[in-house]
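Here's the structure, in C-alpha cells; my notes come after.
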Amino acid sequence: MTYNIPPTEYNFECVLPPNDEYAEWHDMPEYQLAKARCNELVHAHGRDKAHHHHVVEVIDNDKDINSSSIELGGEASITWDLQKNGNVPILRYLTLHLKSLDKFVSFSITVLDESLKTRVFKISNHRSHCVISTEQNAEDEEISICELPLEIGRSWQMCCLDLVELCSKAFGTTKPNTLSVTVNGNCRVSKIFFHKEKYADAEMPSHLRCVS
C-alpha cells in the first residue's frame with residue numbers, strides 16, 4: 001500500500017473525539033466493531049462468572065471530565081486502523097487521555113519505520129520493566145515488539161509518548177509512521193491524538209484540552 005503523508009503544517013491529528021464524518025461517538029465504525037466483538041465475548045462465555053465482565057460502552061457525559069468517553073472492561077478492546085484510508089500519522093507525539101478502573105490497563109501502538117519494519121509498542125501497568133522480543137505475524141512477517149511499563153493512578157491522566165524517542169531507544173530507528181492504536185480494558189478513554197510539538201493544555205485545540 002502507498003501511504004499519503006499529511007502536509008507538514010498539520011500540528012495535530014485527532015483520533016478521538018471522532019471527526020465530523022462520525023460526529024456521534026456511537027456512530028464510529030471503530031466503536032461499532034469493538035461493540036460487536038465484545039458481544040461475541042459475552043456470548044462465548046455465557047453466564048460463566050469466572051470470566052471478567054466484558055464491556056464496551058460510550059459514556060455520553062462523563063461527570064469527571066464533562067465530556068464523552070469510551071469505557072472498556074474485561075477482555076474488550078478498541079482499535080483505530082490509521083492506514084485504512086492510505087493516510088498514516090507521522091507526527092512525533094501521541095497522547096492518550098485515560099482513566100484506570102483500578103485494574104490492569106494496556107494499550108498498543110503499531111508503527112512502520114524507515115527500515116520498512118513493523119514495530120509494536122505494548123504499554124501496560126501489569127509490566128514492571130522493558131522487554132524487547134520478535135514474533136511472526138499471519139503473513140510470516142517478523143514483528144518487533146517492545147513491552148513497556150505504565151504508571152497510572154486512579155484519576156484521569158494524560159499519557160504522552162514520544163514515538164521518535166521510543167523507536168530510537170528500542171530499535172535504533174527515528175521515523176515512525178503510526179499504523180494503528182489499540183486500547184484494552186480496564187479503563188476509560190476520552191482523547192487520542194498526535195501532535196508535532198509538546199503543548200500546554202491551553203495551547204491545544206479546545207476539543208483536545210483536559211481542562212475545559
### Query
How would you rank 126, 54, going from fewest to most other Cβ atoms within 10 Å of each one's own Cβ?
126, 54
### Task
Figure the gain on full extension for residue 207 and residue 53 (residue separation times 0.36 nm, minus the Cα-Cα span) and round it to one decimal in nm.
52.3 nm
### Query
Tell me, how many Å apart are the Cα centres for region 89-120 and for region 151-210?
7 Å
### Message
Let me check the size of region 73-176 from its C-alpha atoms; what are the radius of gyration and Dmax in Å?
### Response
14.2, 41
### Message
Tell me the relative contact order for region 12-208 as a rounded percent, counting alpha carbon contacts under 8 Å between residues six or more apart.
### Response
30 percent
### Query
Which is farthest toward the positive dipole end of the chain among 89, 55, 178, measuring Cα position about the Cα centre, with Cβ charges +1 (Lys, Arg) and -1 (Asp, Glu)?
55
### Message
On a full-extension model of 0.36 nm per residue, what is the gain between residue 136 and residue 155, subtracting their alpha-carbon distance, rounded to one decimal in nm?
### Response
3.1 nm
### Task
Might you report the magnitude of the Cβ-based charge dipole of region 12-208 about its Cα centre, with Lys and Arg at +1 and Asp and Glu at -1, to the nearest 20 debye?
520 debye
### Query
Quick one: which of 35/175; 63/196; 63/103; 63/191 span more than 22 angstrom between C-alpha atoms?
35/175; 63/196
### Message
Which one, 29, 195, 76, projects farthest toward the positive side of the charge dipole computed for region 12-208 from Cβ point charges (K/R +1, D/E -1)?
### Response
76
### Message
Suppose the Debye formula is applied to equal point scatterers at every Cα of the chain; what is log10 I(q)/I(0) at q = 0.09, 0.12, 0.18 Å⁻¹?
### Response
-0.36, -0.65, -1.51
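No lab work stands behind these numbers, since they all come straight from the coordinates. This is a predicted model, so every value here is computed, not measured. In this analysis, Cβ positions are derived from the backbone assuming ideal geometry, glycine residues included, and neighbour counts consider all displayed protein chains.
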